[in-house]
Amino acid sequence: MGGATILNGSNVVGTGSQVSEKALGHTEDTPVRLAQDVARESRETNLTDLTKLMANNIGPAIDFISDFADLHYQKAQTQTPEHSVERQIELPSASSFEFISKVSKAFEAKGGKIILGARVENMTENSKGAVTGLVAEARTKPSRSRLTRSCWLPAVTVPTKRCVVLKVKALTITVQ
């Protein structure tokens with residue numbers, strides 16, 4: 001939908017995912033190993049906490065999105081040398097267009113509404129730290145329609161019971 005996804009192709013790492021284990025046929029990779037590879041490749045200039053967050057969550061994220069959008073990853077044709085183990089997977093088309101098409105189709109089929117031209121500025125959380133909504137800057141006046149089940153904005157999906165557009169200039173989505 002936005003960002004660098006369309007430029008990426010479909011080659012990703014799925015460290016810790018069942019999808020990767022099936023596609024690669026091994027479980028040698030670990031979040032710790034992925035984080036070490038990232039640190040080494042970046043010459044230790046990476047943000048350690050963010051690297052750990054990514055390494056510990058990429059597996060569950062790949063498993064979730066694969067199931068959600070019926071994506072079928074396979075071993076990537078290109079395994080880049082900065083990785084200490086083969087860990088890259090890709091969609092059969094090797095195209096991010098396939099990823100975007102299938103995810104958006106699945107999202108809308110489940111009652112989601114895709115809002116383009118809006119940049120997420122902030123996430124709202126409840127007292128337990130769970131995300132309850134998004135605040136986004138919109139380029140154009142959004143509709144006042146209700147969004148059901150979840151709200152999709154570029155780079156963020158928030159499962160919810162119901163989302164309501166509250167403001168027009170700065171689009172705010174809250175969960176009720």
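The values are calculated or read from the model by the stated rules, or taken from the named source; none is laboratory data. Predicted model, so just to flag it, every value in this text is computed and none were measured. Counting neighbours? That spans all protein chains shown, and the Cβs are built from the backbone with ideal geometry, glycine included.
Residue by residue, here is whether (1) of a type in the set (Gly, Ala, Ser); (2) touching an Asp or Glu at 6+ places or on another chain (Cβ under 8 Å); (3) within 18 Å of residue 17 (Cβ to Cβ); (4) free of Cβ contacts under 8 Å to residues at least 12 places away in the same chain holds:
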site: 57; (1), (2), (3), (4): no, no, yes, yes
site: 63; (1), (2), (3), (4): no, no, yes, no
site: 70; (1), (2), (3), (4): no, no, yes, no
site: 76; (1), (2), (3), (4): yes, yes, yes, no
site: 87; (1), (2), (3), (4): no, yes, yes, no
site: 99; (1), (2), (3), (4): no, no, yes, no
site: 104; (1), (2), (3), (4): yes, no, no, no
site: 111; (1), (2), (3), (4): yes, no, no, no
site: 115; (1), (2), (3), (4): no, no, no, no
Looking only at the stretch 46-78, how many residues end up being in a loop (DSSP other than H, G, I, E, B), polar (S, T, N, Q) and at pLDDT 90 or above?
2
Per the filter on the stretch 38-52, residues over 21 Å from the mean Cα position of the chain (by Cα), within 15 Å of residue 13 (Cβ to Cβ) and among the charged types (D, E, K, R) are 40, 41
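Among the residues of the stretch 14-40 satisfying the criterion of being of a type in the set (Lys, Arg) and in contact (Cβ under 8 Å) with a residue 40 or more places away in the chain, which is farthest from residue 90 (Cα to Cα)?
At the first step, the residues of the stretch 14-40 found to be of a type in the set (Lys, Arg) are 22, 33, 40.
Among the residues that remain, those that are also in contact (Cβ under 8 Å) with a residue 40 or more places away in the chain are: 33, 40.
Details: 33: 20, 40: 24 Å.
Looking at residues that are of a type in the set (Lys, Arg) and in contact (Cβ under 8 Å) with a residue 40 or more places away in the chain, I get 40.
On the given criteria, is residue 43 of a type in the set (D, E, K, R) and either more than 19 Å from residue 89 (Cα to Cα) or part of a loop (DSSP other than H, G, I, E, B) (or both)?
Against the criterion (of a type in the set (D, E, K, R) and either more than 19 Å from residue 89 (Cα to Cα) or part of a loop (DSSP other than H, G, I, E, B) (or both)), residue 43 qualifies.
Is the stretch 19-30 home to any residue that is among the β-branched types (Val, Ile, Thr) and surrounded by fewer than 20 Cβ atoms within 10 Å (Cβ to Cβ)? Lay out the reasoning, then the answer.
Going through the stretch 19-30, the residues among the β-branched types (Val, Ile, Thr) turn out to be 19, 27, 30.
Still in the list and also surrounded by fewer than 20 Cβ atoms within 10 Å (Cβ to Cβ): 27, 30.
Within the stretch 19-30, one or more residues are among the β-branched types (Val, Ile, Thr) and surrounded by fewer than 20 Cβ atoms within 10 Å (Cβ to Cβ).
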Of all residues in the stretch 100-129, count the ones that are touching a helix residue (DSSP H, G or I) at 6+ places or on another chain (Cβ under 7 Å) and at pLDDT below 90.
2
Out of all the residues in the stretch 86-97, is one or more part of a helix (DSSP H, G or I) and within 30 Å of residue 41 (Cβ to Cβ)?
yes
